[in-house]
Amino acid sequence: MISFEQALSKLLFLAKKIDIEVVKIEEACGRVLREETISTRDQPPFDASSMDGYALKKLDKLPGKKLLVVGKVAAGASFDGSVLEGQAVRIFTGAPMPTGTNSVLIQEDAVEVENVITIQDKVEENDFVRKKGCDYKAGKTLLQKGVILKSFDIALLASMNFPLLNVTRRPIVSIISTGDELIFPGNSPKPNQIVASNTYGLKALINKWGAIGHILPIARDNKTSLEKALDLAVPADLVITIGGASVGDHDYVNEVFNTINVKHSFYKVAMRPGKPILAGKNKNTIFMGLPGNPVSALVCAHLFLKPLIGKMLGTVELNNIEKKAYLANDLAENAGRKHFMRAFLKNDSLEIPSDQDSSLLSVLQKSNALAIRQPNEKAAKKGDLISYLELD
Ligand code: AMP
Ligand code: MG
């Protein structure tokens, strides 16, 4: 049995950054950027008015002064004439400032009578002018490789005139549930059957993390059925099996991984929940066996699959980051395995339910964090600082 840290680093060692694909900007939200995006122009590309009003010359800004309006300029147009002393140009939001003008008198502060305006209030230089390049300048790197694109990134990239973007292809993940007792939701369970649940939670997480999860038919607890399911699973970047990874008479995952030439990386990890975990690789496909218990499978997915998918995508944003909070209740001494306890974080206080059984989906569903306890860690008291990870 190896430690959690060793298992994670062995698993990540198996993964390579996968290939790039080009997508339209409108389809790029949530994808991992694989190019450095450098602006090729200033934004805004010209000095522009930020209000409706009158473009003024430097000398003409005194309250009470009268100016002749010699033209009009709206967004998308330009004023090509020259503006002399004693003159102004009617201007609208987004229009380029006429040459020789450098401030805007907003229309609320002017009275216009037959092409003559009277300035009502004082105007300072650059008032209501968005200077060329005030948002960003040409040549500036605005986004780095490896970011997961958010909606505001997309808007910024659109303003930079990027219609297409290089992003990582979404990894394909095949999900195989194993067990004679399982049915998929929507079927009628016999008295000795249960409904596959973590399968669906897993697919939801995998998709959320930027990969594409495919749920394959359930493999029954015999070698032939599992081999058949695994045959359907490849090609995929990652194949996940759920359950059947312990050492019981009905657990075949380890054996069948061997049969199909998966080169083992590790088997069994000193952690709770989820000791029976294994991983390996065959050609370009990574194979991972997760425990069957609903909570174990989903917690292990968080701890292992999330950073694994992150590495395949070429981003560090999916790495789990330890934070600290104050315990809301006392905790007994921990046993020999590292323990990831389902917990509820509110403000900076972490409440840890006493029932940590790895079959309790109702407890997991109310949790938003995993408290971390090191092997053999001594008892802790309410108010002590404790490390935790956020749950998605
Ligand atoms: P196993 O690791 O196959 O021994 O499974 C451990 C426990 O998890 C058993 O009680 C299984 O019935 C249950 N289990 C296995 N796979 C799933 C699944 N996909 N959804 C819900 N429960 C499961
Ligand atoms: Mg089983």
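The values are calculated or read from the model by the stated rules, or taken from the named source; none is laboratory data. On a predicted model such as this, the values are computed, not experimentally measured, just so you know. Here the Cβ positions follow ideal geometry from the backbone for every residue, glycine too, while neighbour counts run over all protein chains shown.
Yes or no: region 209-216 includes at least one residue that is farther than 16 Å from A301 by Cα, at pLDDT 95 or above, assigned to a loop (DSSP other than H, G, I, E, B) and within 13 Å of ligand 1 (Cβ to nearest atom). So far as region 209-216 goes, yes, one or more of its residues are farther than 16 Å from A301 by Cα, at pLDDT 95 or above, assigned to a loop (DSSP other than H, G, I, E, B) and within 13 Å of ligand 1 (Cβ to nearest atom).
For P353, the stated conditions do not hold, so it cannot be described as more than 24 Å from the chain's Cα centre (by Cα) and within 16 Å of ligand 1 (Cβ to nearest atom). Restricting attention to region 263-294, the residues that are within 15 Å of D251 (Cβ to Cβ) and either part of a strand (DSSP E or B) or under 28 Å from the mean Cα position of the chain (by Cα) (or both) add up to 9. Taken over region 142-189, the residue count meeting the criterion of being buried (at least 19 other Cβ atoms within 10 Å of the Cβ), more than 16 Å from ligand 1 (Cβ to nearest atom) and of a type in the set (S, T, N, Q) is 1. Looking for something small (G, A, S) and farther than 14 Å from S39 by Cα - is there at least one such residue anywhere in region 126-142? Among the residues of region 126-142, not one is small (G, A, S) and farther than 14 Å from S39 by Cα, which makes the answer no.
When we screen V32, V22 for residues that are farther than 30 Å from L278 by Cα and of a type in the set (A, V, I, L, M, F, W, C), the only hit is V22. When the residues of region 171-186 are filtered to those that are among the hydrophobic types (A, V, I, L, M, F, W, C) and not in a loop (DSSP other than H, G, I, E, B), the one that is farthest from ligand 2 (Cβ to nearest atom) is I172. Can you name the residue in region 228-270 that is among the acidic types (D, E) and within 16 Å of ligand 2 (Cβ to nearest atom) and, of all such residues, is surrounded by the most Cβ atoms within 10 Å (Cβ to Cβ)? Residue satisfying both the conditions and the ranking: D251. For the residues A301, A380, A369, A328, the requirement of being closer than 30 Å to G213 by Cα, among the hydrophobic types (A, V, I, L, M, F, W, C) and touching a strand residue (DSSP E or B) at 6+ places or on another chain (Cβ under 6 Å) singles out A369. There is at least one residue in region 167-181 that is free of Cβ contacts under 8 Å to residues at least 24 places away in the same chain and within 22 Å of Q365 (Cβ to Cβ). Quick check, is G274 small (G, A, S), touching a Phe, Trp or Tyr at 6+ places or on another chain (Cβ under 7 Å) and surrounded by 24 or more Cβ atoms within 10 Å (Cβ to Cβ)? In short, no. Residue count for region 349-387 under the criterion of being charged (D, E, K, R), touching a residue at least 24 places away in the same chain (Cβ under 8 Å) and more than 18 Å from P294 (Cβ to Cβ): the result is 6. Restricting attention to region 115-136, does a residue exist that is touching a Gly at 6+ places or on another chain (Cβ under 6 Å) and surrounded by 14 or more Cβ atoms within 10 Å (Cβ to Cβ)? No, that holds for no residue.
Listed by first and then second residue, the pairs with beta-carbon distance under 6 Å, at least 6 apart or on different chains, first residue in region 270-293 and among the basic types (K, R), second part of a strand (DSSP E or B) and away from ligand 1 (no atom under 16 Å from the Cβ), are R272/H339; K281/K263. In region 192-199, the condition of being of a type in the set (S, T, N, Q), within 14 Å of ligand 1 (Cβ to nearest atom), closer than 25 Å to L12 by Cα and crowded, with 16+ Cβ neighbours inside 10 Å is met by at least one residue.
Residue-by-condition table, conditions (1) assigned by TED's automatic domain parsing to the domain that holds L149; (2) among the basic types (K, R); (3) surrounded by 14 or more Cβ atoms within 10 Å (Cβ to Cβ); (4) more than 30 Å from N319 (Cα to Cα):
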{"site": "R34", "(1), (2), (3), (4)": "yes, yes, yes, no"}
{"site": "I38", "(1), (2), (3), (4)": "yes, no, no, no"}
{"site": "G53", "(1), (2), (3), (4)": "no, no, yes, yes"}
{"site": "K58", "(1), (2), (3), (4)": "no, yes, no, yes"}
{"site": "P63", "(1), (2), (3), (4)": "no, no, no, yes"}
{"site": "L67", "(1), (2), (3), (4)": "no, no, yes, yes"}
{"site": "A74", "(1), (2), (3), (4)": "no, no, yes, yes"}
{"site": "S78", "(1), (2), (3), (4)": "no, no, no, yes"}
{"site": "S82", "(1), (2), (3), (4)": "no, no, no, yes"}
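The single condition from (1) outside any loop (DSSP other than H, G, I, E, B); (2) under 16 Å from P217 (Cα atoms) that P235 fails is (1).
Among the residues of region 193-226, those that are within 13 Å of ligand 2 (Cβ to nearest atom) and either not assigned by TED's automatic domain parsing to the domain that holds C300 or not hydrophobic (A, V, I, L, M, F, W, C) (or both) comprise Q193, N198, T199, R220, D221, N222, S225.
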